[in-house]
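Novice: Handing you this structure, nothing more for now.
Coordinate-derived values only; no laboratory data. The shown structure was predicted, so the numbers you read here are calculated from the model rather than taken from an experiment. Here the Cβ positions follow ideal geometry from the backbone for every residue, glycine too, while neighbour counts run over all protein chains shown.
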Amino acid sequence: ACAATPNTESANAAERDCFFAESVSGYSVVDDHNVRVSVGASRAYILSTNWNARDLDWTQTIAIRSTLGRICTGNGLGVDIIGGDPRRTYPITSIARAPEEPANQGT
């Protein structure tokens with residue numbers, strides 16, 4: 001008799017946190033190698049690059065490109081930030097869900 005083994009590939013897929021590039025509604029530079037992207041009203045992600053993110057001309061149109069369609073947390077392989085004049089491509093090395101910002105407290 002064969003024992004059933006859990007399908008680790010589908011378990012890993014269920015744990016992934018993904019979004020589409022078209023869902024990005026804003027960008028901000030966190031530091032020299034990290035960019036925060038807003039997705040919808042309540043989600044944000046940190047995209048890391050080995051390049052200096054402050055060198056990208058943020059006054060120009062910025063885009064995220066993914067060869068896989070969806071952009072998921074983990075390894076940033078196949079994901080780039082593109083923009084500026086002249087146009088530059090910044091390969092992404094990792095993607096993480098950004099911590100939630102505290103609610104705005106009234107004074």
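Novice: Compare the peptides 50-61, 28-39 by average per-residue count of other Cβ atoms within 10 angstrom and give them in order, highest first.
Specialist: Those peptides, ordered most packed to least, come out 28-39, 50-61.
Novice: Amide H neighbours of Trp51 under 5 Å, counting only residues 5+ apart in sequence or on other chains, H built in-plane at 1.01 Å?
Specialist: Answer set, sorted by chain and number: none.
Novice: Something else: Name the residues whose placed amide hydrogens come within less than 5 Å of the amide hydrogen of Tyr27, ignoring near sequence neighbours (fewer than 5 apart) on the same chain.
Specialist: HN-HN under 5 Å from Tyr27: Ser38.
Novice: Something else now. For the pair Arg88/Trp58, report the inter-label distance in nm, with labels modelled 7 Å from Cα in the Cβ direction.
Specialist: According to this spin-label approximation, the distance is 1.3 nm.
Novice: Taking θ = phi - 60°, what integer Hz values does the Karplus form 6.51 cos²θ - 1.76 cosθ + 1.60 yield along the stretch 78-86, in sequence order, with x for Gly and Pro?
Specialist: Ordered by residue, 3J(HN,Hα) equals x, 10, 9, 9, 10, x, x, 9, x Hz.
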